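Okay, so here's the structure we're looking at.
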Amino acid sequence: MKNRKVAVSVPMFLLLASVLLSVAAVAAEPVRITKEELRKRMGKPGIVVVDVRIGGGGFQGDRKIAGSFREDPFGVNEWAPRYPKDTPIVLYCS
């Protein structure tokens, strides 16, 4: 069971790292924010929140952060152009 968690966690980490590195190529450097900081910024212009969680049969669960968009993390090249290039994008997963 522990090996399975590692086997799932490592590819997810690598995927998110590659997405962040792609974003970092445009931005100076990825910035981490706390959930409290995110709560303060939610609903205001100038931020896009993207749910990139996946599960065994596709996207994980029906619940997401209110106001966020759910996107396939493996299709980042397809959905990334839909969002403004000058707006910070917050990616979250579990």
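One table, with the values for the structure above:
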{"read-out": "Top-ranked residue of segment 48-64 - restricted to ones that are part of a loop (DSSP other than H, G, I, E, B) and either among the small types (G, A, S) or modelled with pLDDT of 65 or more (or both), ranked as nearest to K35 (Cα to Cα)", "value": "K64"}
{"read-out": "Per-region count, segment 75-94, residues within 16 Å of R32 (Cβ to Cβ) and among the aliphatic types (A, V, I, L, M)", "value": "3"}
{"read-out": "Subset of segment 65-79 that is modelled with pLDDT of 85 or more and among the hydrophobic types (A, V, I, L, M, F, W, C) - its residue that is farthest from I89 (Cα to Cα)", "value": "F74"}
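The values are calculated or read from the model by the stated rules, or taken from the named source; none is laboratory data. Not measured: the values here are computed from a predicted model. Virtual Cβ from ideal backbone geometry, glycine too; neighbours counted across all protein chains shown.
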